[in-house]
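Structure record follows, encoded as structure tokens.
The values are calculated or read from the model by the stated rules, or taken from the named source; none is laboratory data. Computed from a prediction, not measured in an experiment: that's the story for all the values here. Methodologically, a virtual Cβ is constructed for each residue, glycine included, from the backbone with ideal geometry; neighbour enumeration extends over all protein chains shown.
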Amino acid sequence: MRKIDFLHSPQFWQQGFGPTHPLRQERLQRTYELLDELGAFDPENVQVITPPPPGEEELALFHTKEYINAVRSLSMGETHIPSARYGFGPGDNPIFPGMFESSGLKVGSTLWGAKLLANRECEVAFSYSGGLHHAGPDFASGFCIFNDAAVAIHWLINQGLRIAYVDIDVHHGDGVQNAFYSTDEVLTISLHQSGRTLFPGTGFIDEIGVDEGEGYSVNVPLPPYTDDDIYLWAFHQIVPPLVERFEPDILVTQLGVDTHYLDPLARLALTTRGHKLLFEELSCLASRWLALGGGGYDIDVVPRSWTLAFGIMSGQSFPEELPPDYQAKYGGKWLEDHRAPQIDENVKWLTRRSVEEVVSHVRELHGLA
């Protein structure tokens, strides 16, 4: 049984963008409560750890000091800061009290997981509050204020470690890709709904890196209505052979579950069955695994899918029916989906043809053909 550390603090959901924003902090609360009620933290190989906040010098591994200071000032309610310059304002990234502390702690969570893995104190670390992959060095983007993955990966490569980063969020992992676009020390792979139809409008096949990083950025843009079977086929064709060839010391994954067919912000068509199979595949790719949360905007899907992920990480199976107290509080009945999307057979055929063309191009471009 692998030793797994679950990075957790109730502070993760005490501040946030608010109840009307798509990124509801309640996702994290529900995930923790569901795992707790299932007894997921009871086995001897599982440890729940409260992470410390990062130091400013650790945030500065990726973010500029000017931006760090701006986030702190905006968080305190200072009004003289030109917030729009840093990506804040109405819409995706509204300012809220405690923003610096809340967002910083999520970075601290992922960074602490990286340190535990680097020191071989565990084999898997799950920073379920992390995976905020859109933020840039000096701007917020796509609900992401600090980029915890980029900070942690910078720390890991400073320790002399090779990192493979695999992002299965429905949105392209642009912030992490850009952070390591010119280095061969990090392999970044992102499978996502095509930027032609979804934010952030990037992640095309020809984005392969520059200079020493040429060939180390891999993108698999997928059309709407890609379902479990088509997605898993594409994943098998690209991810395992590239990760195995790269031979990373640590695998970092962003486990956004907004690929689900019920997600309100995107149009892929996966189910919890597909998510579970993906988590199983990722689990086999490296002996040390830093797993991050990420997107997912159907409030009922996120805790169920991340619970399935935690089961795979920790070697546990959970009952099919949700715990009674959880059902009474949040509704729902089953841990896994009992329904699947109904997609026209012609649409399925066209989608598969499109994905086959994408995969063929990606394999050829990255020497897998």
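Things to note:
- The residue pairs whose first member lies in the range 77-88 and is among the acidic types (Asp, Glu) and surrounded by 10 or more Cβ atoms within 10 Å (Cβ to Cβ), whose second member is at pLDDT 95 or above and in a loop (DSSP other than H, G, I, E, B), and whose beta carbons are closer than 6 Å, counting only pairs six or more residues apart or on different chains, do not exist in this structure.
- Checking the stated criteria, residue 329 turns out to be over 22 Å from residue 254 (Cβ atoms) and of a type in the set (D, E, K, R).
- Selection status of residue 208, among the aliphatic types (A, V, I, L, M), crowded, with 17+ Cβ neighbours inside 10 Å, touching a Ser or Thr at 6+ places or on another chain (Cβ under 6 Å) and over 18 Å from residue 270 (Cα atoms): yes
- Residues satisfying the stated conditions in the range 121-147, i.e. outside any loop (DSSP other than H, G, I, E, B) and either on the phi > 0 side of the Ramachandran plot or touching a strand residue (DSSP E or B) at 6+ places or on another chain (Cβ under 8 Å) (or both): 124, 125, 126, 127
- Residues that are under 24 Å from residue 121 (Cα atoms) and small (Gly, Ala, Ser), drawn from the range 6-30: 9
- Only one of the numbered conditions (1) in contact with a strand residue (DSSP E or B) (Cβ under 6 Å, 6 or more places away or on another chain); (2) part of a helix (DSSP H, G or I) is violated by residue 341, and that is (2).
- Pairs, first within 13 Å of residue 27 (Cβ to Cβ) in the range 304-317, second in a helix (DSSP H, G or I) and hydrophobic (A, V, I, L, M, F, W, C), C-beta under 7 Å, six or more apart: 307/34; 307/35
- The listed residue being touching a strand residue (DSSP E or B) at 6+ places or on another chain (Cβ under 9 Å) and either loosely packed, with under 14 Cβ neighbours inside 10 Å or of a type in the set (A, V, I, L, M, F, W, C) (or both), out of 328, 369, 309: 309
- Given (1) of a type outside the set (S, T, N, Q); (2) out of contact with any Ser or Thr (no Cβ under 8 Å at 6 or more places or on another chain); (3) surrounded by 22 or more Cβ atoms within 10 Å (Cβ to Cβ), number of the condition residue 247 does not satisfy: (3)
- Look at the range 213-224: where a residue is surrounded by fewer than 19 Cβ atoms within 10 Å (Cβ to Cβ) and a partner is modelled with pLDDT of 95 or more and basic (Lys, Arg), sitting 6+ places away or on another chain with Cβ atoms under 8 Å, you get 224/267.
- Among the residues of the range 63-94, the ones that are at pLDDT 95 or above, within 24 Å of the chain's Cα centre (by Cα) and of a type outside the set (Phe, Trp, Tyr) come to 8 in all.
- Complete set of residues in the range 1-41 that are of a type in the set (S, T, N, Q) and over 18 Å from residue 258 (Cα atoms): 9, 11, 14, 15
- For beta carbons closer than 6 Å, sequence separation of 6+ or different chains, a first residue in the range 35-48 that is more than 23 Å from residue 333 (Cα to Cα) and modelled with pLDDT of 95 or more and a second that is part of a loop (DSSP other than H, G, I, E, B) and not aromatic (Phe, Trp, Tyr), the qualifying pairs are 45/1; 45/3; 48/8.
- Hey, residue 140 in contact with a His (Cβ under 9 Å, 6 or more places away or on another chain), within 30 Å of residue 84 (Cβ to Cβ) and of a type outside the set (Lys, Arg) or not: yes
- Considering residues of the range 176-197 that are surrounded by 24 or more Cβ atoms within 10 Å (Cβ to Cβ) and touching a residue at least 40 places away in the same chain (Cβ under 8 Å) only, the residue farthest from residue 228 (Cα to Cα): 179
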